[in-house]
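**Student:** Pasting in a structure now, in structure tokens, and then I'll have a few things to ask.
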Amino acid sequence: MKGDWVEIVIDTGDSTRTYEMVASRAGRRIETQVRRGVVEVSEVTRTGSVVRTGRFMAGRVLALVEHPVPRGDAVP
């Protein structure tokens, strides 16, 4: 859903870097997948077409934090 975002923290050896992937338009969502030592974060349309993708080595990922937009029907 628009506004959902994922924060990825990567170990670069001597420091860390932070990347963010955001669902930038209505009808898009962020999907994360971990397979074969690679973390893949993609922005996907309603029809399933991938708009953009970030790939990171799983061994270098320190944190992967998903930040969903609060839904109107969510109970606190």
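**Student:** So which residues in the stretch 33-50 are under 17 Å from residue 4 (Cα atoms), of a type in the set (A, V, I, L, M, F, W, C) and exposed (fewer than 14 other Cβ atoms within 10 Å of the Cβ), if there are any at all?
**Tutor:** 50 - this is the single residue of the stretch 33-50 that is under 17 Å from residue 4 (Cα atoms), of a type in the set (A, V, I, L, M, F, W, C) and exposed (fewer than 14 other Cβ atoms within 10 Å of the Cβ).
**Student:** Further question: Since residue 53 meets every condition but one in (1) part of a loop (DSSP other than H, G, I, E, B); (2) at negative phi; (3) surrounded by 13 or more Cβ atoms within 10 Å (Cβ to Cβ), which condition does it not meet?
**Tutor:** (1)
**Student:** Looking at this structure, is residue 30 assigned to a strand (DSSP E or B), among the hydrophobic types (A, V, I, L, M, F, W, C) and either exposed (fewer than 11 other Cβ atoms within 10 Å of the Cβ) or out of contact with any Asp or Glu (no Cβ under 7 Å at 6 or more places or on another chain) (or both)?
**Tutor:** When the stated conditions are applied, residue 30 does not pass them.
**Student:** How do the pairs read when you match residues in the stretch 14-38 that are free of Cβ contacts under 8 Å to residues at least 24 places away in the same chain with residues anywhere that are surrounded by fewer than 12 Cβ atoms within 10 Å (Cβ to Cβ), using Cβ under 6 Å and keeping only pairs 6 or more apart or on different chains?
**Tutor:** 38/55
**Student:** Shifting gears a bit: For residue 63, work out the one condition from (1) among the aliphatic types (A, V, I, L, M); (2) more than 14 Å from residue 4 (Cβ to Cβ); (3) not in a strand (DSSP E or B) it doesn't fulfil.
**Tutor:** Failing condition for residue 63: (3).
**Student:** Continuing with the same structure: Restricting the search to the stretch 9-25, which residues are within 16 Å of the chain's Cα centre (by Cα) and either of a type in the set (A, V, I, L, M) or in a strand (DSSP E or B) (or both)?
**Tutor:** 9, 10, 17, 18, 19, 20, 21, 22, 23
No value in this document is a laboratory result; all are computed from the given coordinates. Only a predicted model underlies this, so the values are computations on that prediction, with no experimental measurement involved. Cβ atoms come from the backbone with ideal geometry, glycine included; neighbour counts cover every protein chain shown.
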